[in-house]
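Student: Got a structure for you, questions after.
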Amino acid sequence: MSSKAHPIYRTAAVHFCLLCCDLFIWACVWATLLWLDGEGSLDLWCLWALRTISCVVLYSLSTIFTDTSIQPLLKRWIALLSFLPPVFDSMQTMRHGTVRGFSPVPDPGMVILSSATSTLIYIVWEMAFPHGASSKGARNQKKDEEAKALLMRVIRYSRPDYLHLGAAFLFLSLAALCECFSWKLYYLNFIDILSGKYQHTNFSWAIEHMALCSLESSMFSGMRSGMFMCSLSRLNKRIRHMLFQNLMKQEISFFLTKTNQGDYFTSRLISDTDKMGRSVAMNVNVLLRSLVKTCGMLFFMLNLSWQLTFSPASKCHFLLSFRIHTSPRLVNLLMLIWPLLNFLGLTVAMLFRGRNLISSGQLSSGSLLAFVFYQKDMVTNMKVSAGDLAPEKLEGRLTFEKVTFSYHSRPNEKALKSVTLELSPGKLTALVGPSGGGKTSCVCLLQRFYEPKEDEVLLDGKPLYHYQHQYLHEKVAMVSQDPVLFSGSVRYNIEYGLKDCTLERVKEAARKANAHNFICKLEQGDDTDVGECGGQLSAGQKQCIAIARALIRNPQILILDEATSHMDCSTQQAVQDMLNNIMDQTVLVIAHRLETVEKADHIIFMEGGDVVEQGTHQQLMVIEGRYYRLREKLFNLETQPQNCDTCELILITV
Ligand SMILES: Nc1ncnc2c1ncn2[C@@H]1O[C@H](COP(=O)(O)OP(=O)(O)OP(=O)(O)O)[C@@H](O)[C@H]1O
């Protein structure tokens, strides 16, 4: 069949071919039956088996010989064509109570009639509820698929709450059933009692039971709400936590874009997750309640009279009443899956309902999709995911191998140009050099704030991104020039984030960081409030507390980026001595004041994004290179009265 033919003709031709195939299968079966028993009769089970085989054959043919655009349409038609005869025959059997042969098999006219009926129902159906490939553009289909994937994600997030949700569902079912039962009592018993001969005992019995059912219904409703709210709070908490964790894994540049400023994240974290939770609560609750009540009603209706229940009028009425409360797509879905609904259970129905809610747009413009799309965006923003390495013993050897790096905002400017260096465990390494040399950029890569453009930063021989994110941040501690302190006590700031930390450990860390003396002098010692952002402490004191906070974690790698710059000389000297005495850890110090790094085990001089010289202080002084010249300049300046400010100025222009 030419693919260039008009789509309607093409679709009609495909349908016609499949219909011919189906008739051919019928003819073959009929001929075989005649040949076997001379009668051509077929019992109900054989009929079901035959039509299932026929369905598989037609479906395979349609998959092989037609293009994907009309396959969804064909699937529905094939299902109808294959199963309408056995369904009809099964209903007939239920009515008459006998398993009788399917009369149309030997009658070609009836076979054609059943095919025509299936096709007619199919056409009416497709016109009344247009969906599928014929009516949906590729965009809508894509949206549907996305919505489905997002729904599955939300369901995955809800996995830890299955018990809560299960309990909520149980209470909901009980509440809805009690409500249905009280209706039954009201409509059936009262009306029967009042319309017949009034009997006081019967009337009292009905009143008592109705009151009891209403009471139970209210009680179960309350418990259902409680359970839903509980599981939703837990879901909200988990999602916020996941969102926050993902935020923490973003590169710094992610936070620098205009759209991703602080308020934006606060709104995402607080209001969007909350909105999402509420949308889910409202919709799942309404959906399940409607479904359980519907099933309950159907059950009672079947109890009263199944014939009435299956009569077209009551079916239409039921579907219409359902339609008032729910979307038309759910009606489509219910009509399709209604025979399976009881069998598969309400949970499956909930999943489909959820899928429909999202794909029909009820949640897509709302908070659910906003949140999930945001997460999706964030995931695509994450260039490299964290690995799963978390060795018990970490040596702490850091290696840069020809690392090249440039910031996103300046992609053509290399902040690091093929940098090769090594930081050894048990040694204090100093990064020195003029401003803009690339020292901080190295530290940023060590912390995985950014990823190198070329080659890798290795930790104990393995790329940093192979390590677990949390593990890495437990093992690497950094103190910057302007550390962040939080409103709270000195102790709170030192032990920040650690569980079960003793006061003794806090004091020990403070002692090492030379903070103990000034802390003791504070009015309330360790319990003194440091104020908002540590505003009640001096810049040097804040640096001491930040160093104590790093030391208490006993990190394998300690990075100090100008972390002693605001301290007075004696405190600075004490901290330097402490750093020089560290035995096993890898210590990296960035300093502008070259005299503070003289005792370092290894000095690396960086300039213009490259390592220019490296060695010990003595070695670098002997070669009289950049380190030597810079030191000489600084020394000359320091002998002049205006040394400090000018020194920074010179550093910038060296
Ligand atoms: N966020 C950023 N975005 C774009 N370029 C940056 C950014 N941070 C630094 N740079 C550039 O990268 C280069 C290296 O800067 P880096 O901060 O690593 O130098 P540094 O040696 O630490 O300087 P300083 O001693 O003044 O802190 C400089 O040219 C700088 O302008």
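The values are calculated or read from the model by the stated rules, or taken from the named source; none is laboratory data. Not measured: the values here are computed from a predicted model. Here the Cβ positions follow ideal geometry from the backbone for every residue, glycine too, while neighbour counts run over all protein chains shown.
Student: State whether one or more residues within segment 140-147 are under 30 Å from GLY226 (Cα atoms) and at pLDDT below 70.
Tutor: Yes, segment 140-147 contains at least one residue that is under 30 Å from GLY226 (Cα atoms) and at pLDDT below 70.
Student: For the subset of segment 543-571 comprising residues that are out of contact with any strand residue (DSSP E or B) (no Cβ under 9 Å at 6 or more places or on another chain) and over 19 Å from LEU498 (Cα atoms), which member is nearest to the ligand (Cβ to nearest atom)?
Tutor: For segment 543-571, the residue satisfying everything is SER565.
Student: Among the residues that make up segment 456-472, is at least one of them within 16 Å of the ligand (Cβ to nearest atom) and either outside the structural domain of VAL612 (by TED's automatic domain parsing) or at pLDDT 85 or above (or both)? Talk me through it step by step, then tell me what you get.
Tutor: Going residue by residue through segment 456-472, those that are within 16 Å of the ligand (Cβ to nearest atom) are 457.
Now narrow it down to the ones that are either outside the structural domain of VAL612 (by TED's automatic domain parsing) or at pLDDT 85 or above (or both): 457.
Yes, the conditions are met somewhere in segment 456-472.
Student: Further, regarding this structure: For THR586, all conditions in the list (1) more than 15 Å from the ligand (Cβ to nearest atom); (2) more than 38 Å from the chain's Cα centre (by Cα); (3) in the same structural domain as GLY433 (by TED's automatic domain parsing) hold save one; what is the number of the exception?
Tutor: Only one criterion in (1) more than 15 Å from the ligand (Cβ to nearest atom); (2) more than 38 Å from the chain's Cα centre (by Cα); (3) in the same structural domain as GLY433 (by TED's automatic domain parsing) is unmet by THR586, namely (2).
Student: Let me ask something else about it. When the residues of segment 589-613 are filtered to those that are closer than 21 Å to THR399 by Cβ and charged (D, E, K, R), which remaining residue is surrounded by the fewest Cβ atoms within 10 Å (Cβ to Cβ)?
Tutor: Looking at the filtered set, the residue picked out is ASP601.
Student: Closer than 24 Å to GLN614 by Cα, in contact with a helix residue (DSSP H, G or I) (Cβ under 8 Å, 6 or more places away or on another chain) and buried (at least 17 other Cβ atoms within 10 Å of the Cβ): which single residue out of LEU389, LEU423, LEU446, LEU394 fits that description?
Tutor: Going through LEU389, LEU423, LEU446, LEU394 in turn, the sole match is LEU446.
Student: Another question, if that's okay. Please go through segment 609-635 and give me each residue that is of a type outside the set (A, V, I, L, M, F, W, C) and outside any helix (DSSP H, G or I), ordered by number.
Tutor: Of everything in segment 609-635, those that are of a type outside the set (A, V, I, L, M, F, W, C) and outside any helix (DSSP H, G or I) turn out to be GLY609, ASP610, GLU613, GLN614, GLY615, THR616, GLU624, GLY625.
Student: I've got another one for you. Assess whether SER217 counts as being at pLDDT 75 or above, over 30 Å from LEU74 (Cα atoms) and surrounded by 17 or more Cβ atoms within 10 Å (Cβ to Cβ).
Tutor: Answer is yes for this residue.
Student: Is one or more of the residues making up segment 531-546 in the same structural domain as ALA477 (by TED's automatic domain parsing), part of a helix (DSSP H, G or I) and over 22 Å from LEU431 (Cβ atoms)?
Tutor: No, because not a single residue in segment 531-546 is in the same structural domain as ALA477 (by TED's automatic domain parsing), part of a helix (DSSP H, G or I) and over 22 Å from LEU431 (Cβ atoms).
Student: For the condition under 46 Å from the mean Cα position of the chain (by Cα) and within 24 Å of GLY396 (Cβ to Cβ), what is the one hit in THR564, THR616?
Tutor: THR564
Student: Suppose we keep only residues that are assigned to a helix (DSSP H, G or I) and polar (S, T, N, Q) within segment 492-530. Which one would you say is farthest from GLN576 (Cα to Cα)?
Tutor: Residues of segment 492-530 that are assigned to a helix (DSSP H, G or I), as a first pass: 492-494, 503-512, 516-521, 525-527.
Then keep just the ones that are polar (S, T, N, Q); that gives 493, 517.
Details: ASN493: 22, ASN517: 17 Å.
Restricting to residues being assigned to a helix (DSSP H, G or I) and polar (S, T, N, Q), the top hit is ASN493.
Student: So, in segment 403-440, exactly how many residues are more than 7 Å from the ligand (Cβ to nearest atom) and either among the small types (Gly, Ala, Ser) or not in a loop (DSSP other than H, G, I, E, B) (or both)?
Tutor: 19
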